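Worksheet for the structure shown next.
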2 protein chains.
Amino acid sequence: MSQEPNQPAVELADAVPGAPRMGLRERKRAATMRRLQHVALEQFEEHGFDKVTIEHVAAHADVSPSTVYRYFGTKEALVLKDEYDDQLLAVAPMLIADGDVFGGFEKGLRLVGDSHLGLDSGLTLRRTRVWLETPSVRAAGFLQADQMAHDLARIVAESPGNDLDDEQALSVCTAAVMTVFAAIENWYRGAGGRDVVEMTLASLRTVRDAAARGASGPA
Amino acid sequence: MSQEPNQPAVELADAVPGAPRMGLRERKRAATMRRLQHVALEQFEEHGFDKVTIEHVAAHADVSPSTVYRYFGTKEALVLKDEYDDQLLAVAPMLIADGDVFGGFEKGLRLVGDSHLGLDSGLTLRRTRVWLETPSVRAAGFLQADQMAHDLARIVAESPGNDLDDEQALSVCTAAVMTVFAAIENWYRGAGGRDVVEMTLASLRTVRDAAARGASGPA
DNA sequence: ATCGTCCTGACAGTGACTTCCACTTTCCAC
DNA sequence: GTGGAAAGTGGAAGTCACTGTCAGGACGAT
């Protein structure tokens with residue numbers, strides 16, 4: 001609890017004209033979640049994920065353990081939860097319209113990645129450390145990626161200019177999403193020295209090229 | 001504990017001339033593990049993974065809970081543990097020699113898949129049900145697949161006729177392994193009506209074709 | 001101010017998993 | 001065979017993630 005840089009620079013409701021002003025309740029909730037996640041990450045980095053108990057985190061954030069579970073559900077979610085996935089999912093439909101899943105993926109990544117990952121690479125790296133190196137968090141991360149693959153597959157399968165059925169869409173989306181996972185791991189192993197988005201694009205291109213050997217040819 | 005069809009048709013040591021005859025200790029151990037896994041799966045199918053406690057499984061298999069943990073480490077491993085992965089890993093080096101990871105994957109799958117999955121598809125399907133539909137088991141399965149991807153990536157990167165570096169190898173292997181995961185899910189959702197190996201090969205081909213659009217071209 | 005609604009903290013419980021120890025079984029000379 | 005070393009087994013005690021419940025307090029509309 002050394003520092004509390006948790007005030008958002010701009011209140012969401014002030015920035016988005018259409019949104020109804022958040023009540024005190026919602027603002028408190030958002031603040032508590034931010035504080036919890038911040039405290040938790042700090043503790044995880046310092047003592048290791050497994051050594052830190054929920055009770056510990058709760059005490060440091062001045063809430064009860066019950067509240068932690070109400071907000072995050074699992075200990076792993078304290079590390080994994082963010083708005084990144086929803087963003088990618090939101091822009092997905094318009095990107096895959098032409099039937100090129102991998103291509104749409106690259107476009108979407110450029111779009112979301114630049115706005116999200118470019119800024120706080122220091123924090124992101126430390127967070128990624130806990131994510132990739134703690135087995136239980138890593139496992140939960142895969143579950144999340146898996147869910148994302150399923151959501152994308154549904155979007156792809158329902159996309160008009162698309163020639164993949166449900167099963168094929170799942171295969172392709174799983175491959176693409178997990179390639180991103182591998183790319184992030186590569187980025188992390190390189191101590192975050194290079195650009196995440198660029199590395200992810202490179203990974204996707206690598207898989208494309210590797211897969212192209214012996215493919216039936218461009219459809 | 002309704003049935004105990006757990007005697008192997010042929011003792012391993014009898015079938016493999018080179019192997020030293022297993023001592024009583026090892027034979028007991030193997031038998032107990034088989035019994036435990038059988039009982040556990042039976043209980044999981046009947047009552048659901050989450051409703052069955054380790055204590056329950058241990059009691060039904062006539063061992064103490066301690067022994068279950070000594071043998072399997074986690075509850076999930078009771079579902080996931082098998083010799084399949086090691087087999088695939090064992091044949092991997094000779095298949096990827098030509099630098100075509102996806103192609104080598106298809107060959108390896110045909111090799112191992114036929115011998116392993118062709119026979120007991122009924123049991124495999126019920127086991128897959130627990131695997132895919134229980135979140136914690138599913139997560140552990142991803143961790144296992146992830147480990148496999150890393151092992152394969154190392155093999156690929158060290159393979160002589162290969163032009164991928166460590167990072168590229170990880171990306172490609174992750175994509176390939178997770179594609180298999182998706183294929184198994186597709187197979188399961190189809191109630192196991194079609195051939196697993198064929199469906200997996202089809203998935204790999206689908207990913208190849210999808211990836212080939214916009215690829216830099218066959219190397 | 002006030003009343004219904006939502007949220008919080010406290011409590012009690014379950015069960016996975018770990019660690020440790022006394023006891024038994026298997027193995028291996030001899 | 002037999003005795004001692006090595007390995008395995010069961011049991012007990014403990015930690016901690018996670019769940020469900022419930023009374024009291026804070027919030028929001030009136």
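The values are calculated or read from the model by the stated rules, or taken from the named source; none is laboratory data. Nothing here was measured: the structure is a model prediction, and the numbers come from that model. Cβ sites come from the backbone with ideal geometry, for glycine too, and all protein chains shown count toward neighbours. For accessibility, only protein heavy atoms count, side chains too; no ligands or nucleic acids. Shrake-Rupley method; radii C 1.70, N 1.55, O 1.52, S 1.80 Å.
One table, with the values for the structure above:
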{"read-out": "Highest-first arrangement of B:58-64, A:169-175, A:201-207, where packing means the average Cβ count within 10 Å", "value": "A:169-175, A:201-207, B:58-64"}
{"read-out": "Computed magnitude of the charge dipole of segment A:91-171 (debye, nearest 20; Cβ of K, R +1, Cβ of D, E -1)", "value": "640"}
{"read-out": "Set of lysines near A:Lys75 by C-alpha distance (under 22 Å), chain-local residues within fewer than 8 positions excluded", "value": "A:Lys28, A:Lys51, B:Lys51, B:Lys75"}
{"read-out": "Area accessible to solvent at B:Met22, 1.4 Å probe radius, in Å²", "value": "40"}
{"read-out": "Peptide-level mean, for A:138-151, of C-beta atoms on other protein chains within 10 Å", "value": "4"}
{"read-out": "Accessible surface of A:Trp187 - all protein chains present, 1.4 Å probe, nearest 10 Å²", "value": "10"}
{"read-out": "Shortest-first distances to equivalent copies, position A:Gly73, nm, label 7 Å out along Cβ", "value": "2.6"}
{"read-out": "Computed E for A:Asp50/A:Met22 - FRET, C-beta separation, R0 45 angstrom, nearest 0.05", "value": "0.80"}
{"read-out": "Teacher prompt: B:Leu125 distances to equivalent labels in other copies, 7 Å Cα→Cβ, nm", "value": "5.1"}
{"read-out": "Efficiency of FRET between B:Tyr84 and A:Thr74 - r from beta-carbon atoms, R0 25 angstrom, step 0.05", "value": "0.30"}
{"read-out": "Position A:Gly23, label points 7 Å along Cα→Cβ, spacing to each other copy in nm (shortest first, one decimal)", "value": "7.0"}
{"read-out": "At R0 = 25 Å, FRET efficiency that the Cβ-Cβ distance of A:Asp166 and A:Val91 yields, to 0.05", "value": "0.70"}
